[in-house]
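The numbers here are math on the coordinates, done by the rules we state, and not lab data. This is a predicted model, so every value here is computed, not measured. Here the Cβ positions follow ideal geometry from the backbone for every residue, glycine too, while neighbour counts run over all protein chains shown.
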Amino acid sequence: MKSAILRYLKKRPAWVSGEEICQVFNLSRTAVWKHINALRRDGYTIEARPRKGYRLVSPPDLLLPEEITEGLHTRIIGYPYLYYPVLDSTNNQAKQLAQDGAGEGTVVLAEEQTGGRGRMGRRWHSPRGGLWFSIILRPPFEPARAAGATFVAAVACVKAIRSYMDVGVGIKWPNDLVYRGRKMGGILTELSAEMDRINFLVVGIGLNINNSTDILPPGLRANVITLRQIAGREVSRKEILQAVLQEFEEWYLRWCREGLGPVLETWKFYNTCIGSEIYVKGPGGEWHGRALDVDEEGALLLQTGSGEVKRILSGDVALVGKE
Ligand code: BTN
């Protein structure tokens, strides 16, 4: 009922009398008043005047379900859309929900994470103002193909950000979103599988948008950038989130239909390291050489000084001379 009243107020920019709301929704004046107060508690600014009624002044700068699902053009991704003011990690919550049977397309979003996780066991700072969310997928694939989801997510994020704003955000292998060498976002994909099939994937996406970077240790701060810093102004988290979810659905369905080929082709177009001299630090060691390509499973092919081509499955890349 609260959401229906909100939609009604959104459609009517001028004053709406309390009596009209009572009639349309078949509610008493006290009930209408209670719903208006509940919306105010959610952060909506709603003016109330005797003899005039109610007027919606502004929505809160929050990614509430009412704000995101309205105008979201997807069929699977974002249904349901689960919103939390604070979580330890949206990936943890999504994994728990998936274990309990949550369906493909479920999105879990938190305004703030207290225990956000990055790749390779690192901490991911997630204060208010960023976009921190996870998507549950259940692709009918064998586990070896799971890494493709990370490439789907990277392509979706870059396309969405570039369609929102014409900025040169690119991808650094395997999944960092970067702008002039500084990190704007990252992706953490986690897998639950049997030997021959995926139970579920949780694709966690973290994008630095309007959040402050002051809480980051100084060494890290120099390597991080927010979209607000790139744009020089506040940007709409709502529009970016909706665009990412829409792009994600498009590229995910494409992956399911056509395999990873088209996703990788687009990923390569936006990548910043193929063809360059790089350092790679992975769980199995450190290497230096030229990034030749990524293969059909998304592994990095690195040609070392001796001419040997190494196939690297995970790690961090630094571009020689640029970072
Ligand atoms: C990286 O190290 O580059 C990956 C960072 C992924 C961060 C996101 S934020 C939403 C989701 N929940 C988490 O705890 N981590 C991911």
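Taken over the stretch 15-69, residues that are assigned to a loop (DSSP other than H, G, I, E, B) and under 30 Å from residue 130 (Cα atoms) amount to 8. Scanning the stretch 238-253 turns up at least one residue that is of a type in the set (Ser, Thr, Tyr), in contact (Cβ under 8 Å) with a residue 60 or more places away in the chain and buried (at least 22 other Cβ atoms within 10 Å of the Cβ). When residue 16 is tested against (1) surrounded by fewer than 19 Cβ atoms within 10 Å (Cβ to Cβ); (2) touching a Phe, Trp or Tyr at 6+ places or on another chain (Cβ under 7 Å), exactly one condition is not met: (1).
Any chance the stretch 78-88 includes a residue that's over 23 Å from residue 236 (Cβ atoms), in a strand (DSSP E or B) and touching a residue at least 12 places away in the same chain (Cβ under 8 Å)? No, that holds for no residue. Would you confirm whether any residue within the stretch 114-126 is within 19 Å of residue 244 (Cα to Cα) and among the aliphatic types (A, V, I, L, M)? No, the stretch 114-126 has no match at all. For the stretch 105-134, filtered to residues that are part of a strand (DSSP E or B) and more than 10 Å from the ligand (Cβ to nearest atom), the residue that is nearest to residue 213 (Cα to Cα) is 112. State all residues of the stretch 48-83 that are within 23 Å of residue 10 (Cβ to Cβ) and within 16 Å of the ligand (Cβ to nearest atom); if no residue qualifies, say none. Result: 63, 68, 78, 81, 82, 83. Filtered by the rule that a residue be away from the ligand (no atom under 13 Å from the Cβ) and either crowded, with 23+ Cβ neighbours inside 10 Å or under 13 Å from the mean Cα position of the chain (by Cα) (or both), the stretch 84-104 gives a lone residue, 98.
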